[in-house]
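See structure below.
The values are calculated or read from the model by the stated rules, or taken from the named source; none is laboratory data. No experiment lies behind these values; they were computed from the predicted model shown. Neighbour counts are summed over all protein chains in view; Cβ atoms, including those assigned to glycine, are modelled from backbone coordinates with ideal geometry.
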Amino acid sequence: MDEAFWDSSALVPLCITEKATIAAQTLSAMYDMAVWWSAPVEMRGAFARLFRMRLLTLTGQVEAQVTLDRMRRVWHEVYPSEQLREQAERLVERFPLKAADAQQLAAAMTWCLNRPRGRVFISGDTQLLDAARQLGFQAIEP
């Protein structure tokens with residue numbers, strides 16, 4: 001199976017039921033996951049935010065965390081480095097991205113050895129997808 005880079009916004013629908021869940025599940029059957037090191041922090045933050053907003057029950061939050069832990073056992077994680085941070089710094093200057101999104105995109109560039117042509121980048125964030133497309137990724141929204 002081919003590997004794609006998954007932004008945390010595309011991983012959350014695999015852990016909780018939302019609009020993008022079916023599309024994300026379809027993509028997860030097509031692509032193995034390469035994931036930025038801090039994606040689990042972002043994901044758990046999303047679960048907690050949904051719980052605080054009463055859009056996710058306590059049971060739903062626990063189930064989401066269990067699913068996240070199961071996914072972590074099989075994905076390929078891109079770890080922090082000086083080069084990755086420098087690339088993220090350049091990306092926030094080039095594109096209208098938040099710092100965490102620039103780190104996600106820099107991790108994707110690290111994952112593909114700075115050769116994004118023909119590589120798949122999956123995200124639920126429109127600005128991040130646009131930046132990934134401009135860098136040469138095949139950008140897919142679940």
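Structure summary
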quantity: Within segment 3-116, helices (runs of 4 or more DSSP H) holding 1 or more residues that are free of Cβ contacts under 8 Å to residues at least 24 places away in the same chain; calculated: 21-30, 39-52, 58-72, 82-94, 99-111
quantity: Residue in segment 70-82 that is exposed (fewer than 12 other Cβ atoms within 10 Å of the Cβ), in contact with a helix residue (DSSP H, G or I) (Cβ under 7 Å, 6 or more places away or on another chain), under 23 Å from Ala139 (Cβ atoms) and of a type outside the set (Ser, Thr, Tyr) present; calculated: no
quantity: In segment 25-45, residue nearest to Asp130 (Cα to Cα) [restricted to those that are crowded, with 19+ Cβ neighbours inside 10 Å and out of contact with any Phe, Trp or Tyr (no Cβ under 9 Å at 6 or more places or on another chain)]; calculated: Met43
quantity: Top-ranked residue of segment 30-67 - restricted to ones that are of a type in the set (Gly, Ala, Ser) and under 16 Å from the mean Cα position of the chain (by Cα), ranked as farthest from Thr110 (Cα to Cα); calculated: Ala64
quantity: Some residue of segment 75-94 being over 22 Å from Leu113 (Cα atoms) and modelled with pLDDT of 95 or more; calculated: no
quantity: Count - residues of segment 95-113 that are farther than 23 Å from Gly45 by Cα and surrounded by fewer than 12 Cβ atoms within 10 Å (Cβ to Cβ); calculated: 1
